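Written out below as structure tokens is the structure these notes cover.
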Amino acid sequence: MTHASGDERFQRWCETAAAIGATTKRLEKGALLAAYLRSVDDPTLPVAARFFAGLVFPRHDMRTTGVGGAMIVGALRDLTGVSEEEAHERYVALGDLGDFAGDLLADRPPSDATVLDVAGWADQLASTRGSTAKRLLLRGWLGRLGGPEARYFVKLVGGETRIGLKEAQVEEAVARAFDRPIASVRRANLLRGDVGEVASLAREGCLDDARLALFHPIGFMLAQPLATAEEICATLPAPFAVEHKYDGIRAQAHVDTGRVALYSRTLDDITHGYPDVVARLRALQPVAGAGLVLDGELLAVDPARPDRALPFLAFQRRLGRKAPSAAVQRETPAAFVAYDAIAADGALVVDEPYTTRRDRLLALPWPGHGDAADPSGAWVTPVSWASTPEEVERAFATARTAGDEGIVLKDPASPYTPGRRGKTWIKLKKALATLDVVVTGVERGHGRRRTVLSDYTFAVRASESDPTLLNVGKAYNGLTDVEIAEMTTRFQELTVARYGRFHQVRPEVVLEVTFDIVQPSKRHKAGFALRFPRIVRIRTDKRPEEIDTLARVRELAGTAPASDTPDDASGEEPES
């Protein structure tokens, strides 16, 4: 099928997306996508490829549509006249805003809107200020679209298509569509940060012309968790590098003449939240004229001892702040600890071995640790070497004594593989402990879990003598799909009240959960929350009366007992 330049209908893109979402076979998804990409005209190709990756803008373009769920529901209610109660019921039943829009507008015929029209609408949403103005735009565009088009338009502006495609699969389809090496496609996408532009380069046979574009986030290399030192030594060639796994947040620093940018692991621009770190990284600019990309960690440091990292709990005060005050920066100064180089001298260095990339880090003019006047800092992580399980265990104990989460162990010959997890980087991060808890509420998941009750809110007892249940966390990882399906049936039988997606249930199901740390929290009635909780198993051998108490939670948090229960412990409310 051929098209005049730029007239590719959005309806056909939606039909392809639906077909891709309807199959669970990876090869079939790839074949459908490759055939579609081959068929579209040149102006449409980059936009269509981005859309299939779930992106309305290139990764290097940090704009967002600024559209939230309430705004979309409001626009759909304005358009259809559906009541708030009916809208709520239909959305809860479907569990996805795009499916909700498609369901409400199912009877509308296809429109003549093109893929490029939808890209233009996304541009307009990004540049429009004010929720009322955005809602009016949404209502007008949704009123023009047919049901399937509305479904995928909402999914796109919401940032997730949920058709079982990741950007890596779009790269594979581009390679297949235009008969190019997948390695060339992936490298070009790393360099440019725009899978749409790369699709055009692949069609033109110009992938080798791609050059590094700074200030777009590059995927982070991931470490494979292993449970024991013996497994690690059996996997890595000895001796291997050992680095501390810090208790901060993963960050990527882009440095070039006149500019420094920081990106989070979720590929969000967080530069404005860390002006103290940006100031320190400017020390690298004289040697970064051709571009430098660093992988590392943002940490909180002790103002009195800037060489000492503070626990994540202290760092939380800095998280999410777009413009931290001078007082916040003084009280909780931040630092950047680098542990890898992704690009240097304007070129990717991901194919170099770990040891070569580390030499590049050490050659940079790092400002180091701060002082009393300016506690923030930037330095390279220290490295030790290990060959035996005993050395690994000693290194782990040293890291935990220093207040760090654990250790990461690296093959000295390993390349840097963005966005992928292999066994050349391995992390040993033992859970702090486990708690036995009882489930007090459950809710439907999202995406493929939208039809099952997969998110569990859980509680501990107020004390050995007081059976009051105090919520302390929520987990949705750890169980298999089969276990979740079985527990969905069980929890439906235990439901005593429903609040939208949330089911309040009789507290009969006991779980064993693990986590990283316990931290104070006003969100839960226990006054504490578990960081990164994960379900270890369903404790069919335990009764609710045997679960852990608030005293055990306080013990794990390192706080002294205060009173038997928090002031707000009377009664239980649904927490979502």
Original post:
Condition test on T514, is it in the same structural domain as E483 (by TED's automatic domain parsing), surrounded by fewer than 20 Cβ atoms within 10 Å (Cβ to Cβ), of a type in the set (S, T, N, Q) and not in a loop (DSSP other than H, G, I, E, B)?
Top reply: yes
Subject >> Single condition R129 does not satisfy, out of (1) in a loop (DSSP other than H, G, I, E, B); (2) free of Cβ contacts under 8 Å to residues at least 60 places away in the same chain; (3) crowded, with 20+ Cβ neighbours inside 10 Å >> reply: (3)
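Yes or no, residue by residue, for (1) within 24 Å of the chain's Cα centre (by Cα); (2) in the same structural domain as P365 (by TED's automatic domain parsing); (3) surrounded by fewer than 17 Cβ atoms within 10 Å (Cβ to Cβ):
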position	(1), (2), (3)
R250	yes, yes, yes
V260	yes, yes, no
D295	yes, yes, no
V301	no, yes, no
A304	no, yes, yes
D307	no, yes, yes
Original post:
Could you say whether any residue in the range 181-203 is closer than 18 Å to V56 by Cβ and outside any helix (DSSP H, G or I)?
Top reply: yes
Original post:
If you check R357, R330, R318, which single one turns out to be under 21 Å from A279 (Cβ atoms), among the charged types (D, E, K, R), in the same structural domain as P412 (by TED's automatic domain parsing) and touching a strand residue (DSSP E or B) at 6+ places or on another chain (Cβ under 8 Å)?
Top reply: R318
**OP:** Return yes when L55 is closer than 30 Å to A261 by Cβ, within 27 Å of the chain's Cα centre (by Cα) and in contact (Cβ under 8 Å) with a residue 60 or more places away in the chain and no when it is not.
**Re:** yes
Subject >> Residue that is nearest to A119 (Cα to Cα), among those in the range 6-42 that are modelled with pLDDT of 95 or more and among the small types (G, A, S) >> reply: A17
Subject >> Sole exception among (1) closer than 27 Å to H446 by Cα; (2) in contact (Cβ under 8 Å) with a residue 24 or more places away in the chain; (3) part of a helix (DSSP H, G or I); (4) over 24 Å from the mean Cα position of the chain (by Cα) for R108, by number >> reply: (3)
Original post:
Out of A175, A93, which single residue is at pLDDT 95 or above and either of a type in the set (D, E) or assigned to a helix (DSSP H, G or I) (or both)?
Top reply: A175
**OP:** Check whether at least one residue in the range 74-90 is within 26 Å of the chain's Cα centre (by Cα) and assigned to a helix (DSSP H, G or I), and report yes or no.
**Re:** no
Subject >> Boolean, D78 is of a type in the set (D, E, K, R) and either assigned by TED's automatic domain parsing to the domain that holds F502 or surrounded by 17 or more Cβ atoms within 10 Å (Cβ to Cβ) (or both) >> reply: no
Subject >> Residue in the range 333-382 that is farthest from the chain's Cα centre (by Cα), counting only those that are under 30 Å from A304 (Cα atoms) and assigned to a helix (DSSP H, G or I) >> reply: L362
Original post:
So V170 clears everything in (1) in a helix (DSSP H, G or I); (2) over 22 Å from A18 (Cβ atoms); (3) among the β-branched types (V, I, T); (4) under 27 Å from the mean Cα position of the chain (by Cα) except one condition, right? Which one?
Top reply: (2)
Original post:
Quick check: is even one residue across the range 355-376 closer than 18 Å to I249 by Cβ, in contact with a Pro (Cβ under 7 Å, 6 or more places away or on another chain) and charged (D, E, K, R)?
Top reply: no
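The values are calculated or read from the model by the stated rules, or taken from the named source; none is laboratory data. Model, not experiment: these values are computed from the prediction. Using ideal geometry, Cβ is built from the backbone for each residue, glycine included, and neighbour counts are taken over all protein chains shown.
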